[in-house]
Amino acid sequence: MHVPSIPGYQIMRPLGSGGMAHVWLAMQTSLERKVALKLLKIAQGDDHERMQKRFLREARTLAKLNHRNICAIFDIGQAGDDVYLAMEYLDGGTLLERMRVGLSLGEAIGIVVQIASGLKQAHAQGIIHRDLKPANVMMRGNIPVLTDFGVARELSSATRITTDNMIVGTPVYMSPEQAQGGEVDGRADLYALGILLHELLTGRVPYSGDSPIAVCMQHLTAPLPVLPPRFAMLQPLLDRLLAKSPAERYLSAEAFLEALRKLVVGNEVLKH
């Protein structure tokens, strides 16, 4: 793996690699703080200009968001052939890792509330995530932080970096409208939040299959999942989040949070 040389940053070690970027732990020398330095990964045959635009869009998207449940971005730039962004370094692992340890009902509800709060802020800026999943939620102590807005899109933008009707996201958490390659808005993120809620409560996702297409078909045609009896009080919320039609879901993350608050306040079962 190419070790970058970025002025102002001391590269320490690799943190990981995704579909379009390598991530390094680095020291921002001017402030003596650790950051996650994300560098665009370009393979032979890739459309360099298109990928660079998409990468820079992610940086600008994140820079617009200022919320405790959204990863902060500190810097963006280019050094030689390397295009990079410097982000908050979160060393608490992913929500996926935290889930493997096990969560109480109260902890699960608290995580969903905070993720929904981050989505509320993003949606207010005209930004949808489109790939919400446990691996894209990092932990700052006990605080979940939304990361990886690499496939997010500004609703107000007239520029499409992805091709028309391209299916973007992770099939297990993908809304029916995404699975069909249709237009999406913040309600697609709420659907993914519903999948995540089910997984936090039961330890498994509601829809699965032998292939991405099979999973997508589940989202489109399978009946709504039924929670175990001990979580029955949350069934109406889950049904609304996972409605096949966006029109039948909560209108916004704020509306979902209000419905959840009404359920939680004074409910002794949900406090544990």
Per-residue [θ]222 nm for the chain (sum of -39500 (n - 2.57) over DSSP H runs n ≥ 4, rounded to 500):
-10500 deg cm²/dmol
For the chain, share of DSSP beta bridges that run antiparallel, in % to the nearest 5:
95 percent
The chain: angle of helix 186-202 to the longest principal axis, Cα-based, in degrees nearest 10:
70 degrees
Just to confirm a number: summing +1 for Lys and Arg and -1 for Asp and Glu over residues other than residue 259 whose beta-carbon lies under 12 angstrom from that of residue 259, what do you get?
+1
What's the ranking of 88-99, 138-149 by average number of surrounding C-beta atoms within 10 Å, highest first?
138-149, 88-99
Report relative contact order for segment 11-136 in percent, whole number only (criteria: Cα-Cα under 8 Å, sequence separation at least 6).
19 percent
Local charge sum around residue 241 (other residues, Cβ-Cβ under 11 Å, Lys/Arg +1, Asp/Glu -1)?
0
Between the alpha carbon centres of segment 110-139 and segment 198-272 the gap in Å comes to 16 Å
Note, ³J(HN,Hα) from phi for segment 82-89, Karplus 6.51, -1.76, 1.60, rounded to Hz, x at Gly and Pro:
8, 9, 9, 9, 9, 10, 3, 8
Between the Cα axis of helix 253-264 and the main Cα principal axis of the chain, the angle (0 to 90°, nearest 10) is 50 degrees
What residues qualify as long-range amide H neighbours of residue 140, i.e. H under 5 Å apart, gap of 5 or more or another chain, H built at 1.01 Å from N?
145
Taking a cut-off of 17 Å between Cα atoms, list the lysines near residue 133, but don't count ones fewer than 8 places away on the same chain.
120
Measure nothing but the geometry: give the 0 to 90° angle between the long axis through the Cα atoms of 105-124 and the longest principal axis through the Cα atoms of the chain, rounded to 10°.
60 degrees
Within the accessible area of the chain, what % is carbon and sulfur when the probe is 1.4 Å and the other protein chains stay in place?
52 percent
Which residue fluctuates the most in the chain, going by a Gaussian network model with Cα springs under 10 Å, if the choices are 61, 221, 170?
221
Whichever aspartates and glutamates have a C-alpha closer than 13 Å to that of residue 41, once near sequence neighbours (fewer than 8 apart) are set aside
49, 81, 82
With springs only between Cα atoms under 10 Å, which of 49, 258, 107 fluctuates most in a Gaussian network model of the chain?
49
Heavy-atom surface of the chain, accessible at 1.4 Å and reported per residue (Å²):
48 Å²
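The values are calculated or read from the model by the stated rules, or taken from the named source; none is laboratory data. Since the structure is predicted, the reported quantities are computational estimates derived from the model, not experimental observations. Every residue, glycine as well, gets a Cβ built from its backbone with ideal geometry; the counts of neighbours run over all protein chains shown. Protein only, heavy atoms only, side chains kept; ligands, DNA and RNA dropped before computing areas. Shrake-Rupley method; radii C 1.70, N 1.55, O 1.52, S 1.80 Å.
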